[in-house]
Amino acid sequence: MPTRLSAQNSALVLVDVQGKLARMMPDAESLIHRICVLLQGAVQLDIPILWLEQNPAGLGPTVPEISALLSARRPIAKQHFDACSEPDFARQVAALNRPYLILCGIEAHICVLQTALGLLAQKHAVYIIADAVASKQEAHKQLALQRLTQEGCRLCNVEMLLFEWLASALHPAFKPLLPLIKSLPSL
C-alpha cells in the first residue's frame, strides 16, 4: 500500500547543518535555502522538528539562517554519528509517536546515513530529502542515497514533501507557502 505523508504522521529531523562544514558543501547556499524552505513549511504546518548538532564545541553552531527559524527550539547535542545512540534523541523520537521520520542535513554519507540506519533498526519508516542532504563530495552523497534506498529508506525532495503535506490547494497554509516553494533553487 502506498504511503501518504501528512502533517499528522510525520516528523522532521535536521542533521548537523553547522559552521564551516555546512559552507563546504557543494552549492551550500542553495542547500541551506532548501532546508530553510523545508523548515518554514514544517513550522507553518506544525510538524515536529528534531534539531541535531554534532559536537557543537568542535563544529560550531547551526548556521544562522537555519537557527533563526528554530529559535523557539533547542538543539540536541550529540557525539555519536548515529543520533539514535544519544539518549535525548531516542527519548524525543519515542515521545513523538510519528510513523514517518524525514531526514535532511549533512553529511549524507556519515551522520544522515548512520542516523537513518539507526532509525530503521528501531523499525521506523525513514524518508530522506534528496535535495536537502549533502556531502562534501557529490559521489559520497550519491553512494549514501543508493545505500539508504537499499536499506529501506524512501527518497523525496523538498517540493514533493511540502505538496504532500499540504495535500490540497484549499489548505489554509497553501497560499502562504507557495512563494517559498516557488523560491526553491533548481538543482
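The values are calculated or read from the model by the stated rules, or taken from the named source; none is laboratory data. From a predicted model like this one, the values you see are computed outputs, not experimental measurements. Backbone-built Cβ (ideal geometry, glycine too); neighbour counts: all protein chains shown. Just the protein is used for accessible areas: all its heavy atoms, side chains included, with ligands, DNA and RNA removed. Shrake-Rupley method; radii C 1.70, N 1.55, O 1.52, S 1.80 Å.
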Open item on the list: Only bridges whose two residues both fall in region 5-84 count here: according to DSSP, what percent of them are antiparallel, nearest 5?
Closed with: 10
- [ ] Calculate, for LEU70 and GLN122, the FRET efficiency according to 1/(1 + (r/R0)^6) with r their C-beta to C-beta distance and R0 30 Å; round to the nearest 0.05.
- [x] 0.80
- [ ] Run the numbers on region 104-187 and let me know its relative contact order in percent, using alpha-carbon pairs under 8 Å that are six or more apart.
- [x] 29
- [ ] With θ set to phi - 60°, apply the Karplus curve 6.51 cos²θ - 1.76 cosθ + 1.60 along region 148-165 and write out the HN-Hα couplings as whole Hz, x wherever there is a Gly or Pro.
- [x] 4, 5, 4, 7, x, 6, 10, 10, 7, 10, 4, 4, 4, 5, 4, 5, 5, 4
TODO: Kindly provide the helix-only [θ] at 222 nm of the chain, computed as the sum of -39,500 (n - 2.57) over DSSP H runs of four or more divided by all residues, to the nearest 500 deg cm²/dmol?
DONE: -12000 deg cm²/dmol
Open item on the list: Under a Cβ-only charge scheme (Lys and Arg +1, Asp and Glu -1), can you give me the dipole magnitude of region 30-163 about the Cα centre, in debye to the nearest 20?
Closed with: 200
Task: DSSP bridge orientation in the chain - percent antiparallel, rounded to nearest 5 - done: 5
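Please list LEU170, LEU180, LEU148 in order of solvent-accessible area, largest first, computed with a 1.4 Å probe with all protein chains present.
So, going from the largest accessible area down, we get LEU170, LEU180, LEU148.
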- [ ] Take every Cα pair under 8 Å in the chain that's 6+ residues apart, average their separations, divide by the length, and report that relative contact order as a whole percent.
- [x] 27
Open item on the list: Suppose each label sits 7 Å from its Cα in the direction of the beta carbon; what would the ASN97-ALA169 distance come out to in nanometres?
Closed with: 3.7
Task: Radius 15 Å from Cβ of LEU45, net charge of other residues (Lys, Arg +1; Asp, Glu -1) - done: 0
